[in-house]
Structure formats: structure tokens, C-alpha cells
Amino acid sequence: MNTATVLTAGPEETDRALATIVMAFGADPPARWVFPDPQQYLRHFTEFSRAYGGGALACQSAHYVNDFAGVALWLPPGQQPDEAALVALLERTVDGERLPKVFEILEQLGQFHPSEPHWYLPMIGVDPARQGKGHGACLLKHGLQLVDQAHLPAYLESTNPANIPLYERHGFEVVGTVEVADAPPFFPMLRKAR
């Protein structure tokens, strides 16, 4: 088990944190379905990550391990992704045929998102060159200790079936599946308050 120190990333470390997320999601099935062209992905996924989970940096709830080998963007209760920025980005960058499917996915995911106060983990990732060393588990354990101190549930959407066992080991349970047309599936997961 990785025993590295987990640190909090502040707004001044946004570029480093988001670079790790961009690297980590480079082969993520839904991310690459939304942005299938490599150049398109590299041009737009940083902005997507900033809109979707970047609020964690301002809230001091973004964590990193081993010099940004891995990053977890936790949104505390009451914080949400920047919907206006997200919609504007998607409308500007996603293929017109694919865009309605993307919005359908987001709408269906919203039905699983808890309405009660909770911690939301919109993005967690490890640089592919540094995977397999327990960085993801270390980040999850750290974040969930904070969640448990508040006695609140935690929620995430797994975009890769291969990651579900890791989340399950940390107490998350799959609460549904979102499948729209030819898009890869999403797996909403909830961890009850402890």
C-alpha cells in the first residue's frame, strides 16, 4: 500500500493538477468518445476538467500525491461543477451529432446524483507513467477520511469498469448504469455516510 503523503493543491497549482488529470483520462472511454480526435482531446480536456472538477482547487479540496503523480478533485457539500462553463464548452467543441447524446448522459447522471449533502468526486486520476503504485488508493483513502469526519456520503461516477473494484474496496457501491446510444457506459457509485 502506498504510504506517500497526500497534499492539498491550491489555485496556484491548477495547471499541474489539471495536467495530471488530462494525462490520466487520455484513454478513458467516455472522455475519448466525447473528444475522439487526439488533438481535439488535448485542446479541450483541460478546460473540461476545470469546469467539471476545478472548483475543488478553490475550495482547498483538491489533493495530490508524489509530486502530482495522482490527483483527486473533491467537491464539498454545496459545490457543483460549473454547469454554465461546461455547457458552453461542449456546445463549442463537440460534434453536432454527438452533442445531444452528451447532454442526455449528463441528464441521466443527474438523476443519480444525491440530493442530500454529500462529497462529490468528479475526477480522480493517476499519470499513466506512474500507475500501479497505489496512488489512486492513497488519494481515495485520504479523501474518504475527510468525508467520514463529516459523517456524510460520497458520490462518484466511474467512467471505466476496470476502476469499479478499486472504488468498491473503499466502500462505494454501483447504484446504476447510464448507457446512451453508442457512448461507453457510466457507473454512478455511492458510499453511504459513516
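The values are calculated or read from the model by the stated rules, or taken from the named source; none is laboratory data. Remember, it's a predicted structure, so these values are computed and weren't measured experimentally. For neighbour counting, all protein chains shown are included, and Cβ atoms are generated from backbone atoms with ideal geometry for every residue, glycine included. All accessible areas refer to the heavy atoms of the entire protein, side chains included, with ligands and DNA or RNA removed. Shrake-Rupley method; radii C 1.70, N 1.55, O 1.52, S 1.80 Å.
Of the trypsin sites (Lys or Arg not before Pro) found in the stretch 119-181, those in coil by DSSP whose Cβ has at most 16 other Cβ atoms within 10 Å are Lys133.
The label-point distance for His113 and Lys192, in a model that sets each label 7 Å from Cα toward Cβ, rounds to 2.4 nm. The packing ranking of peptides 68-74, 79-85, highest mean first, is 68-74, 79-85, where packing means the average number of other beta carbon atoms within 10 angstrom of each residue. Taking all protein chains into account, the per residue accessible area for the stretch 1-139 stands at 47 Å² (1.4 Å probe). Our summary gives the chain a relative contact order of 25 percent, counting only alpha carbon pairs under 8 angstrom and 6 or more residues apart. Counting other Cβ atoms within 10 Å, keep those with at most 11, restrict to DSSP loop, and tell me which GluC sites (Glu not before Pro) in the stretch 86-159 are left. Those that pass, being in a loop and sparsely packed, are Glu97. In this view, the solvent-accessible surface of Asp95, computed with a 1.4 Å probe and all protein chains in place, comes to about 90 Å².
Contact order, relative form, for the stretch 1-88: 37 percent (alpha carbon pairs under 8 Å, 6 or more residues apart, mean separation divided by residue count). Multiplying the residue separation of Leu99 and Val87 by 0.36 nm and removing their Cα-Cα distance gives an extension gain of 3.3 nm. Helical content alone sets the calculated 222 nm signal of the chain at -12500 deg cm²/dmol, taking -39,500 (n - 2.57) per DSSP H segment of four or more residues and averaging over every residue. Carbon and sulfur atoms: what percent of the 1.4 Å accessible area of the chain do they account for? Its accessible area is 52 percent carbon and sulfur atoms. Once both labels are positioned 7 Å from their Cα atoms along Cα-to-Cβ, the gap between Ala58 and Gln39 label points is 3.3 nm.
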